[in-house]
Amino acid sequence: MRLTALLILLAGAASTAIGQTAGSDDFKARYEEFRKKAKSDYADFRTEANRRYAKFMREAWENYNALPVLTKPKEDEVPPTVVPDNERDKPIKSEPVPIRDTVVTPPPTPQPAPPAPIRQQPEPPVQQYAGFEFYGTPGKVRFNPDQRFKLADCSAESMARAWERMSDSDYNNTLHDCLKLRDDMRLDDWNYLQLLNSISTACMGGNGNEATALKIYLYCQSGYKVRMGVSGNKLYPLYASQHYIYDVPRFEVDGDMLYAFNCSESNLRICDVPFPKEQPLSLWINRQPKLAHKASAKRKLQSKSHEDVAAEISVNRNLIDLYNDYPTSAVGDDFMTRWAMYANTPPSADIRNELYPALRKCIKDMTEHEGAGRLLNFVQTAFEYEYDDKVWGGDRAFFAEESLYYPYCDCEDRSILFSRLVRDLLGLDVVLVYYPGHLATAVAFAGQVPGDYIVLDGKRYVVCDPTYIGARVGMTMPRMDNATAKVILLPHGR
């Protein structure tokens, strides 16, 4: 309904050029004509779209009630098991593991882009900047104090006037700098939204409604699907996501699921106007964020079975803080896809430059079977196990860097780290293997390796369990019901 109305309004810009034959039934054709005509002047297209967006904003507000928050599934965790001494050297039999289901995680999509290129404006003789800090990383964007505005209230008229003010070309350089920072800092969609939060607060001199309005505008103009929500006299951003997000208030607006940013309200008055070419954000992290480095204390990690398999590493505390704020999400509505998202996040420079050289030295000249065994024992014995409920008060998965930083980790964290090590150090494909309450891995060796195995697309994956302490490659933890096992695919080359 709202999209139809907005397209009609946008199409009106071309009415003088294409005649007066169109009625309410041919708005799509008129809008397509407008879009084609605007290709010759993208700036005019964006200017006109914003002008008509603000006009429609004066009317398109409706009340919405929040839907129940998605809560993370709760299940009993399987405790770690230690292989008895008298079983460690027994021959390993090769037994197939029947798989009930395979979880396929759709790959990441390209980041949203502005609906039209952003034309920078000539800079004044003395250019002024707004400086900010993002997870310990300083930055700045072009912004003059006279670009600030005041919101008397959160009425539809006030919001529309603010949008018209921000749509002025004065803000083009600020928007251009934001998008450049997204690329220079290698930020994913979620952390770009977080970055805009820091930038808008710095630009507007505080974190009031004016900063929120600027954040929503910048995010919208960057190509993201975002809406304004109001409760009383407080403005909130609501962002659309490709993924299910847990423990965050959400609202269904015109068939889209919108998540509230830093908001716990159960009822909002929402401006449900769509903007041309807008796209929902993705929670995939396709590249490591480029942050200032703040080294944590050095930590010695040592295999208990192989004295030479050891590493001393520190990680970037700024990255740990960023990961700590990352929302738990799943691709689609399958909670198990979240593990693929953690496991496929590229390793940081700390891992590549400190951990990997030490481990490569330990497995040098070994066969892939021997090398995987050493890495498996390293993850089994160099880390202390503890339940998430006890440490965090609930389920929480780790990125690889977090397992290297925090003193405790559980089965899913170990499997995520091990999958990263095997792919990066041995170049072998890995899948995650889920049993109710437990996560393990399986590795596709080039040669024949004995042990419990899974066959997928003609490729044999041998079970490796980082939580079965002392287990060799091919050994499945006791009491695991293979009839309930599911495989979570990790896209190749990540």
Candidate set: region 410-461, residues that are farther than 23 Å from Pro357 by Cβ and among the basic types (Lys, Arg); chosen: the one surrounded by the fewest Cβ atoms within 10 Å (Cβ to Cβ): Lys459
Matching option when the condition is surrounded by fewer than 23 Cβ atoms within 10 Å (Cβ to Cβ), within 27 Å of Thr109 (Cα to Cα) and among the acidic types (Asp, Glu), among Asp184, Asp189: Asp184
Positions within region 263-287 being within 18 Å of the chain's Cα centre (by Cα) and free of Cβ contacts under 8 Å to residues at least 40 places away in the same chain, in sequence order: none
Qualifying residue in region 477-492 (condition: surrounded by 22 or more Cβ atoms within 10 Å (Cβ to Cβ) and not hydrophobic (A, V, I, L, M, F, W, C)): no
Some residue of region 310-327 being surrounded by 18 or more Cβ atoms within 10 Å (Cβ to Cβ) and either within 27 Å of Val462 (Cβ to Cβ) or outside the structural domain of Pro407 (by TED's automatic domain parsing) (or both): yes
Residue match in region 332-346 (condition: over 19 Å from Leu432 (Cα atoms) and part of a helix (DSSP H, G or I)): no
Region 328-344 - residue that is hydroxyl-bearing (Ser, Thr, Tyr) and under 26 Å from Leu428 (Cα atoms) and, of those, surrounded by the fewest Cβ atoms within 10 Å (Cβ to Cβ): Thr337
Lys74 being of a type in the set (D, E, K, R), outside the structural domain of Gly332 (by TED's automatic domain parsing) and either surrounded by 11 or more Cβ atoms within 10 Å (Cβ to Cβ) or modelled with pLDDT of 90 or more (or both): no
Residues of region 437-475 that turn out to be at pLDDT below 95 and of a type in the set (S, T, N, Q), as a count: 1
Pick from region 276-289, criterion farther than 14 Å from Thr345 by Cα and among the charged types (D, E, K, R), ranking: surrounded by the most Cβ atoms within 10 Å (Cβ to Cβ): Glu278
Single unsatisfied condition, Ala152 versus (1) crowded, with 19+ Cβ neighbours inside 10 Å; (2) in the same structural domain as Ser264 (by TED's automatic domain parsing); (3) aliphatic (A, V, I, L, M): (1)
The lone exception for Gly458 - which of (1) at negative phi; (2) free of Cβ contacts under 8 Å to residues at least 40 places away in the same chain it fails: (1)
Matching entry among Arg227, Arg250, Arg299 (being among the charged types (D, E, K, R), in the same structural domain as Leu181 (by TED's automatic domain parsing) and surrounded by fewer than 20 Cβ atoms within 10 Å (Cβ to Cβ)): Arg250
Check on Ser241, polar (S, T, N, Q), outside the structural domain of Trp163 (by TED's automatic domain parsing) and surrounded by 16 or more Cβ atoms within 10 Å (Cβ to Cβ): no
Condition check for Ala29: in a helix (DSSP H, G or I), exposed (fewer than 14 other Cβ atoms within 10 Å of the Cβ) and modelled with pLDDT of 50 or more: yes
Of residues in region 116-138 being touching a helix residue (DSSP H, G or I) at 6+ places or on another chain (Cβ under 6 Å) and surrounded by 17 or more Cβ atoms within 10 Å (Cβ to Cβ), the one farthest from Met166 (Cα to Cα): Tyr135
Elements of type helices (runs of 4 or more DSSP H) contained in region 378-494, each with 3 or more residues being within 21 Å of the chain's Cα centre (by Cα): 400-405, 411-421
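The values are calculated or read from the model by the stated rules, or taken from the named source; none is laboratory data. The structure presented is a predicted model; accordingly, all values stated were derived computationally and were not measured. Cβ sites come from the backbone with ideal geometry, for glycine too, and all protein chains shown count toward neighbours.
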